[in-house]
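Structure first, commentary second.
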Amino acid sequence: MSQAIEAEGLVKRFGKTVALDGVDLSVPTGKVLGMLGPNGAGKTTAVRILATLLRADAGRAAVGGYDVAENAVAVRSLIGLTGQYASVDEDLTGRENLVLIGRLLDMSRPSARARAGELLESFELTDAADRAAKTYSGGMRRRLDLAASLVGRPQLLFLDEPTTGLDPHARLEVWEIVRRLVAEGTTVLLTTQYLDEADQLADLITVIDHGKVIANGRPDELKRRTGGQTLQVRPTLAADVDRVAGILLELTGTPPVRDADSGLLTTSVDNPVLLSAVVRKLDAAGITADELALRLPSLDDVFLALTGHKSTEDNDSRALEGSLA
């Protein structure tokens, strides 16, 4: 499979701060790469280099087969970029914003208006097309921002924290848009602080910590790499919690973690056959369960195991990058 994005040994420093320290990236055509990282990881720096907004101090990168340093104009003709915050002009209407971008991309006025109409309909913004963007809800602004990044029909789309600050419904809307774009052949590089977002959208995940890539792979591969599975049992009757805890201790040798509010019991297991043993023990004891599941570690578990950090946004790093770019 051809690679839409390839980067080798990217290095970027801001004064004494090393934002990227030899980062390698590879994104197959038509796939979604989720880039995860803790505070100061360098995710946004990597995106800005690949989008030709920032020059690397060392290393090389190619987007769509073009070197980002030597053929920046060619790269820009292939990409769309949506940052964490909406970049549209709030005083213009939704339609005017999209037409303006089309004109900046050298489209004729009729072509720009036609493309704006297509995108407004596709992103379900037709009814609000002639209202000022400042009257839009957060979800509508994000949809308009995504539409703006697609005016030039990019082959590759960089999404830098596209759902930050959105409510759950608006986040789901953005997810559906991303899925639709990928189904139509668009390659996506997604940075996010929401691990469930990466789990939902990404075909591949790269984890960066302190400017270095520390893990690559499919979400399920990374989950398996973390270790064993997790067994969860929630007995129907609260009075059975202690008995169930005793059964799990007997079978695993480790006391389960208890959630006092829900009655959920959780324990790590290395052998999935234990699930059958738990079912037999519960049946023999006449205990019913409302919840009984064996699951792989979540991406949150993977992230914490790999980095030792929670996935939180580094505002200081963003400010540093912005001031020195």
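No value in this document is a laboratory result; all are computed from the given coordinates. Source: prediction; values computed, not measured. Positions of Cβ are generated from backbone atoms using ideal geometry, with glycine treated the same way; all protein chains shown enter the neighbour counts.
For the chain, a simple Cβ point-charge model (Lys and Arg +1, Asp and Glu -1, everything else neutral) yields a dipole of about 600 debye relative to the Cα centre. Between the beta carbons of T126 and N271, assuming R0 = 51 Å, the FRET efficiency works out to 0.40 to the nearest 0.05.
Taking the square root of 5 times each eigenvalue of the Cα gyration tensor, what semi-axes in Å does the equivalent ellipsoid of the range 75-213 have, largest first? Semi-axes, largest first: 26, 17, 13 Å.
Kirkwood's formula applied to the C-alpha pairs of the range 253-313 gives a hydrodynamic radius of 14.0 angstrom. A dipole drawn for the chain from +1 and -1 charges on Cβ atoms has a positive end, and of A62, G246, P235 the residue lying farthest that way is A62. Each eigenvalue of the Cα gyration tensor of the range 2-72, multiplied by 5 and square-rooted, gives one semi-axis; in descending order these are 20, 15, 9 Å. Among A284, A51, G139, which residue has its Cα furthest toward the positive end of the charge dipole of the chain, with +1 on Lys/Arg Cβ and -1 on Asp/Glu Cβ? Positive-most Cα among the choices belongs to A51. Of the Cα atoms belonging to the range 166-305, the radius of gyration and Dmax stand at 19.0, 54 Å. At 30 Å minimum axial length over the Cα atoms and a Kyte-Doolittle cut of 1.0, report the qualifying DSSP H helices in the chain, or say none. None pass (Cα extent of 30 Å or more, hydropathy at least 1.0).
Using only the alpha-carbon atoms of the range 1-157 as identical scatterers, what base-10 log of I(q)/I(0) does the Debye formula give at q = 0.11, 0.12, 0.14, 0.21 Å⁻¹? Relative scattering, expressed as log10 I(q)/I(0), comes to -0.51, -0.60, -0.78, -1.23. What is the Rg over Rh value, at two decimals, for the range 203-249, using alpha-carbon atoms and the Kirkwood definition of Rh? Expressed as Rg/Rh, it is 1.30. Cross-link partners for K223 among the lysines, with Cα-Cα distance under 17 Å and sequence neighbours closer than 8 places in the same chain left out: K310. Dividing the C-alpha radius of gyration of the chain by 2.2 N^0.38 Å, with N its residue count, gives 1.19.
Counted without the sites themselves, the longest stretch of the chain free of trypsin sites (Lys or Arg not before Pro) in a DSSP loop having at most 12 other beta carbon atoms within 10 Å is 56-309.
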